[in-house]
Amino acid sequence: MAKKRTICVIIGDISYDYTDELMQGMNEAARQQGIELFYMSGKQKHTASIDSAEEREVVRYYNNIYDYTDLVGADAFIISFGSLSGFTEEKQYHDFLRRFNGKKHVVLHQEDAEAPGRAVILSDNYNSVCQLAEHLIIDHGYRKIAFVSGPESHPDGSVRERAYLDTMEKHSLTVSDGMLCHGDLSGFVSAEVNRLLDDIPGLEAIMLCNDEMVRTAYRVLSERGLKPGRDIAVTGFDDFTTGRTLSPPLTTISQQAMQAGHLAVMTAIGLIEGKASPVTRMKTKVHLRESCGCSMKVERSIFQVEYQNDEDYINRVAGNLRDDLTQLYALDGHASLLGLIDRVISHAAQTARNRQGNSPDDDGEFLTRLGSDMDQYSAIIAQIAVRLQNHLLQAAGINMCSAGLRLNQALMGIQGALYAYEVQNSVQRYNRIRMQAWFAQEFIRDLVITDDEEDTVFRRAADRLRHIGLEKVHILLLPEPQRASRQGDSDNSDRLLLAAYQDGEISIAFPRSRMPVFGSESPLIGLPGLRGEELLITFGIFSGDVQYGVLLCEADRETLPILHIIGLQLGILANFLDLKSKERIVLSELDNTRERIEVLSFLSEYDPMCNVYNRRGFIEQAIHLNRKNEGKRAFCAFLDLDNLKSINDSFGHTAGDEAIVSASAIIKRAVRNKDLVARVGGDEFIVLLLADDPGFAASFTARLNTLFDQYNRTSDKPYNLSASIGVTDFICQQGLVISKVIDQADKILYAEKAKKNRNYRKIEPN
């Protein structure tokens, strides 16, 4: 069995047209050659302009995903420098590339020194931008031409910027302050475009470094009531679907991203097989359309041609229409799109040759047979339908031959079928987006409200991803959560733990103590469920600036837009589980601390000899009782043991302690469990309780005396035990001073004590 070959692709934002087409080309080549692809994807499309150093730092956080490339076990690497973000100077690109020294790698769109095992693929950015700039200068006579470049030191942007400056200098045109500005290659360049329009009087043209920024330029111009190509020229670079869906169609430069992706994979395979690869320079092509001021209008209907017979007429009109659609909508390097246009026109021509004609159902069935090609180019299909409609409207009123009428009818059927397809596709796209939007919100909703173990939660998370069509998912965790490094490589990037994976109908998770470990010795290509021909993509699992792991799943075009969000949701889930784990530790410590506090509190509030409150504990509890029972009657009894000093002197301190403990037991028998009893001095006790009976003081005193008498009759001690008692009542109320209540009871006690007999010894029987 042949060893499977794996290529790791270092790529940035996958939401742009450039990376989308690049990946299409790579995927096609990988499928043809039976290659496994691992895409390592960095920071995705941001939602606002990146201005501050902190925001740029966040981009670098997400680029930590590239620190795990050594764990893949790849046979070769492809580095797509044109898609990477977070680099602010040329040196950073070269430093990043040094990571791959000694490894077989293909470098896309970044010139660097030759090195063993390195292949370089470059696009001819310079000459095509010079050609486009000269078209604006020479053919249109523009003199004030501004340029919106990419981030400073960006490999592609720097070359295109230099071409613009050199061409302006060649034609002795001044680039004044503000005519050259830098965007971020995203759609967030409205401020830059507005600044150009405000600060450069008489501005005639704006060249933008890529088509992504052109969309924003069109919107800004529309808001100002300006039309590209009429009021100001606008050009781009890339020639993706964007340029064809804009109105007017965009003058731009194609760099054949799909073909570049295909070539990158084939070049990497050559490196794996030991073949040397020189620097490859891919040609680019300028496409002139209406946004620069060129006219693309058809002077007369395509149905008006010279012909000899019906067959010749159909062939000529079909050929003109094929050329028109190819010029407007075909993408360089997209052979399948050229084939799609050719098959659509050929079907219409064949229908026209058939004098019986086709039914609309036949056209629909034909488009259905085109299958994946229709799905791949759905945005362009809609534009082709609009273009057909324009040609059909232009042909209205023309006196056509019978072949022309049949071809007109056939094209109307095709146009209707294309519109029907687009409506159906739009509904499916809407349903998919709606489903993904709800899924993204609810993905972890009820996973964070359970007390399940970590492995159960991750298994359920992996299983849920099947609902958006993912058949293979791997959730890998760092040994410890890693705060993103500001210095460079992660400190914790030498291994990953497999928390859970899903392979078709199977979902398996592991408790942390048994999670399989993947590192340089056991690379990710050995993950369970991988068969060696998958197209996989990885996203960092982040929460804030803390990385918890990596999400690895299929690189499916329909699910790619939501996968970054899933990674963020998993970051929230991992953060929640981490907090739950820490919470359990903290709660355990709190329980231990609470137990220790209770022991210390007992020791500080209780009298250890009598097991009743001491003075401190009594005061705290008395304040609490008063606060909780406002308006209720209560009684305070102050007790002082009689003759304790004499007992100590006559029988020893042990006997005195026994007398105190016995007195405490007698007092506790006289009250309820909820009443407060405290020993506040050597021989002094206080009782605090609630009672409504006005005669409670007398009854309580009598009860205590009876209990003391009972004790003395049954005790074998040589002394009698008694206490002097002072009882006072009060109403619980706000502002009550407990010490004053005690003082009042104390006064009554000493009045009673003066009446007591000082004889404490028992009379011995004869």
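Read-outs: derived from the displayed coordinates by stated rules, not from any lab. Just so it is clear, the structure is predicted and the values come from calculations on it, not from any experiment. Don't worry about glycine lacking a Cβ; one is built from the backbone with ideal geometry, like all the others, and counts go over all protein chains shown.
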Go ahead and collect, in residue order, the members of the range 557-585 whose backbone nitrogen is under 15 Å from a label point 7 Å along the Cα-Cβ direction of GLU471.
557-559
If packing is taken as the mean number of other Cβ atoms within 10 Å per residue, what is the order of 650-663, 720-733, 619-632, highest first?
720-733, 650-663, 619-632
Per 0.36 nm of contour for each residue apart, how much would the distance between SER247 and LEU226 grow if the chain were fully extended, relative to their Cα-Cα spacing?
6.3 nm
Peptides 170-177, 131-138, 63-70, 253-260: what's the order by average Cβ count within 10 Å, highest mean first?
253-260, 63-70, 131-138, 170-177
FRET efficiency for ARG531 and GLU442, Cβ-Cβ distance as r, R0 = 22 Å, nearest 0.05?
0.10
Neighbourhood charge, 12 Å Cβ-Cβ cut-off, centred on ASP716 and excluding it, Lys, Arg +1 and Asp, Glu -1
+2
Per 0.36 nm of contour for each residue apart, how much would the distance between ASN705 and ARG594 grow if the chain were fully extended, relative to their Cα-Cα spacing?
35.9 nm
Length-normalised contact order of the range 608-753 in % [C-alpha pairs under 8 Å, at least 6 apart]:
38
Assign one of three labels to the chain, namely rounded, prolate or oblate, based on the Cα gyration tensor with a ≥ b ≥ c the square roots of its eigenvalues; rounded applies when a/c is under 1.5, prolate when it is not and a/b is larger than b/c, and oblate otherwise.
prolate
Apply the a/c threshold of 1.5 to the C-alpha gyration tensor of the range 608-753 and tell me whether it is rounded, prolate or oblate.
prolate
Once you place label points 7 Å from the Cα toward the Cβ at SER581 and ARG432, how far apart are they in nm?
3.7
Explain nothing, just compute: Karplus ³J(HN,Hα) = 6.51 cos²θ - 1.76 cosθ + 1.60, θ = phi - 60°, for every residue of the range 28-39 in order, whole Hz, x for Gly and Pro.
4, 5, 5, 5, 4, 9, x, 9, 8, 10, 10, 7
Pull up all non-local amide H partners of ARG289: gap of 5 or more, or a different chain, and H-to-H distance under 5 Å with H placed in the peptide plane.
THR251, THR252
Using a cut-off of 26 Å between alpha-carbon atoms, which lysines can reach LYS91, once sequence neighbours fewer than 8 places away in the same chain are excluded?
LYS43, LYS45, LYS103, LYS104
Counting only DSSP beta bridges with both residues in the chain, tell me the antiparallel percent, nearest 5.
60
Compute the signed sum of charges (Lys and Arg +1, Asp and Glu -1) over the other residues within less than 9 Å, Cβ to Cβ, of PRO155.
-3
Amide hydrogen neighbours beyond the local backbone of TYR39, cut-off 5 Å, H modeled
VAL9, LEU536, ILE537, THR538
Within straight-line cross-link reach of LYS628, lysines at Cα separation under 26 Å, skipping those fewer than 8 residues along the same chain
LYS668, LYS674, LYS740
Pop out the ³J(HN,Hα) list for the range 125-137 in order, Karplus 6.51 cos²θ - 1.76 cosθ + 1.60 with θ = phi - 60°, rounded to Hz; leave Gly and Pro as x.
5, 5, 5, 5, 5, 4, 4, 5, 5, 5, 4, 5, 6
I need the calculated FRET efficiency for the pair ASP112 and HIS140, taking r as the beta carbon distance and R₀ as 45 Å, to the nearest 0.05.
0.75
Distance in nm between ILE731 and LYS4 label points, each 7 Å along Cα→Cβ, equals 8.7
How large is the translational diffusion coefficient of the range 681-731 in µm² per second when you combine the Kirkwood radius over alpha carbon pairs with Stokes-Einstein at 37 °C and 0.692 mPa s?
257
What dipole magnitude, in Debye to the nearest 20, does the chain give about its Cα centre under +1 on Lys/Arg Cβ and -1 on Asp/Glu Cβ?
2140
Name the shape class, rounded, prolate or oblate, that the alpha-carbon gyration tensor gives for the range 573-686, where a ≥ b ≥ c are the square roots of its eigenvalues, rounded holds for a/c under 1.5, and otherwise prolate holds if a/b is larger than b/c and oblate otherwise.
oblate
Relative contact order [Cα under 8 Å, 6+ residues apart], the chain, whole percent
11
Cβ-based charge dipole, the range 550-707, positive-most Cα from PHE685, ASN592, ILE572
PHE685
Please turn the phi angles of the range 93-106 into ³J(HN,Hα) values with the Karplus equation 6.51 cos²θ - 1.76 cosθ + 1.60 (θ = phi - 60°), one per residue in order, whole Hz, x for glycine and proline.
5, 5, 4, 5, 5, 5, 4, 9, 4, x, 10, 6, 8, 10
Between LYS285 and GLN394, how high is the FRET efficiency from 1/(1 + (r/R0)^6) when r is the Cβ-Cβ distance and R₀ = 30 Å? Nearest 0.05.
0.60
Filtered hits (lysines, Cα-Cα < 17 Å from LYS170, offset >= 8 within chain) -> LYS144
Which of the peptides 408-418, 682-692 is most tightly packed, and how do the rest follow, judged by the mean count of other Cβ atoms within 10 Å per residue?
408-418, 682-692
Please arrange ASP324, ASP642, ASP545, ASP716 by counting, for each residue, the other beta carbons lying within 10 Å of its beta carbon, fewest first.
ASP716, ASP545, ASP324, ASP642
Given backbone amide H placed at 1.01 Å from N, residues whose amide H is under 5 Å from that of MET179, ignoring those fewer than 5 places away on the same chain, are none
Note down the nm distance, to one decimal, between modelled labels 7 Å out along Cα→Cβ at ASP743 and at ASP342.
11.2
